[in-house]
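Right, one structure below, let's go through it.
Throughout, read-outs are computed from the coordinates displayed, never taken from laboratory work. Given the structure is predicted, the values throughout are model-derived calculations rather than measurements. Don't worry about glycine lacking a Cβ; one is built from the backbone with ideal geometry, like all the others, and counts go over all protein chains shown.
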């Protein structure tokens, strides 16, 4: 480099030193790869049951938000936290709609004030999540999945900035 | 080709999604990584990395979206803070956001690799092999500290402005 304040640094490759062996390219054998895949498969088996329980908890938290207007903001924060957990794993187990709808709900909760129309939007998202899991809708859900996602996003966008009168 | 012996390697997985944290931890263990520590947010990860009594962490996998200290904050701390235990630490950033500007931001903060969700065995092992087999030299300049961001040496028809060869 021409700038005297800038330089290249070659840090020691401590990982290579620990792993040992020659300096050739690393190859992970097929048996090890299969073991790692079996971890994903094992988690996938329990995923539906886990996410159903999480959606039930989410539903109960939302109900608390409905019943407690004074504490609604705090309850909606909890809704956002819980849906953040739910959305994170959908794609890994071939439930990308859970991730996308979860993200839509999470983003909406960041700005929602808990007006009646906004609560309807939140409820629609939670209902959609429940249907996707109960109906085992994997992948993008086809045309129905696309329409569902578009509808929820449109509703979120429409009601985010409007205060109910 | 060499058979890796990962049993001496220590990793830190940082994710506030407990499912993802468990999944990555168990996948790394299945691959043979000897010690995998877990942290549920960037702040806890900083504490663990600063704890000199704990075993030395060789690389970090950190999710981008976390609260209150996210993965980008953690990466920035590792690369640029005086309290960082190893500014050259390989950091693999995990993200579901693969929009160009977000990837560029992570690159400019000094991410070693980006691991996009959904995670697969191939994507994880590819990043792992990359940080061992193809470590990049670091650039230390007033505006950036991190792995050389020039990863390719393609033919270029425009005016050559590079002053030196890119990293291998």
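Find how many whole Å separate the alpha carbon centroid of the range A:8-83 from the alpha carbon centroid of the range B:34-52.
16 Å
Springs between alpha-carbon atoms under 10 Å, Gaussian network over chain B: tell me which of B:71, B:32, B:110 tops the mean-square fluctuations.
Its mean-square fluctuation being the largest, the pick is B:32.
Per residue, how big is the convex hull around the C-alpha atoms of chain B? Give it to me in cubic angstrom, could you?
Numbers: hull volume 22.8 nm³, N = 168.
Looking at chain B, the number lands at 136 Å³ per residue.
How high is the relative contact order of chain B, given as a whole-number percent (alpha carbon pairs under 8 Å, six or more residues apart)?
16 percent
Tell me, what is the Rg over Rh of the range B:1-47, with Rh the Kirkwood radius over Cα pairs? Show your work: numbers first, answer last.
On the way: Rg = 11.8 Å, Rh = 11.2 Å.
Here Rg/Rh amounts to 1.05.
Can you sort B:136, B:105 from fewest to most other Cβ atoms within 10 Å of each residue's own Cβ? Intermediate results must be reported in sequence, preceding the final value.
On the way: B:136 21, B:105 15.
Ordered by Cβ neighbours within 10 Å, fewest first: B:105, B:136.
Looking at the protein assembly as shown, send over the antiparallel percent of its DSSP beta bridges, to the nearest 5.
On the way: 7 of 25 bridges.
Restricted to the protein assembly as shown, the bridges split so that about 30 percent are antiparallel.
Would you calculate a helix-derived [θ] at 222 nm for the protein assembly as shown, using -39,500 (n - 2.57) for each DSSP H run of n ≥ 4 and dividing by the full residue count, to the nearest 500?
Helix contribution divided over all residues of the protein assembly as shown: -17000 deg cm²/dmol.
Say we join alpha carbon atoms closer than 10 Å with springs in a Gaussian network model of chain A; which of A:119, A:33, A:89 then has the biggest fluctuation?
A:33
What's the whole-number percent of alpha carbon pairs in the protein assembly as shown lying beyond 28 angstrom?
Cα-Cα pairs of the protein assembly as shown separated by over 28 Å account for 49 percent.
If you average the sequence gap of Cα pairs under 8 Å that are 6 or more apart and divide by the length of the range A:67-165, what percent do you get for the contact order?
30 percent
With chain A treated as a Gaussian network of Cα nodes joined by springs under 10 Å, which of A:27, A:138, A:42 yields the largest mean-square fluctuation?
So, out of A:27, A:138, A:42, the one fluctuating most is A:27.
Kindly put A:109, B:141, B:21 in sequence by how many other C-beta atoms sit within 10 Å of each C-beta, fewest to most.
Numbers: A:109 24, B:141 13, B:21 20.
Taking fewest neighbouring Cβ atoms as first place, the list is B:141, B:21, A:109.
Length gain on complete extension for the stretch residue B:141 to residue B:120, per 0.36 nm per residue less the alpha carbon to alpha carbon distance?
Working: separation 21, 0.36 × 21 = 7.56 nm, distance 3.51 nm.
Length difference between fully extended and current span is 4.0 nm.
For chain A, find the longest principal axis of its Cα atoms and tell me its angle to the long axis of helix A:142-160, 0 to 90°, nearest 10.
For A:142-160 against chain A, the angle is about 70 degrees.
For the range A:16-72, take every pair of Cα atoms, bin their distances at 5 Å starting from 0, and report each bin as a whole percent.
Spelled out bin by bin, the range A:16-72 gives 4, 14, 11, 10, 10, 9, 8, 8, 8, 6, 6, 5, 2, 0 percent.
How high is the relative contact order of chain A, in percent, with contacts defined as C-alpha pairs under 8 Å that are six or more residues apart?
Value for chain A: 19 percent.
How do A:83, A:51 line up, fewest other C-beta atoms within 10 Å first?
Going from least to most buried by this count: A:51, A:83.
With 5 Å bins from zero, work out the P(r) of the range A:1-160 over every alpha carbon pair and list the percent per bin.
1, 8, 15, 15, 13, 9, 7, 6, 7, 8, 7, 4, 1, 0
Which value, in Å³ per residue, describes the convex hull spanned by the Cα atoms of the range A:65-110?
Numbers: hull volume 2.7 nm³, N = 46.
Expressed per residue, the convex hull around the Cα atoms of the range A:65-110 is 59 Å³.
Which percentage, to the nearest 5, of the DSSP beta bridges contained in chain B is antiparallel?
20 percent
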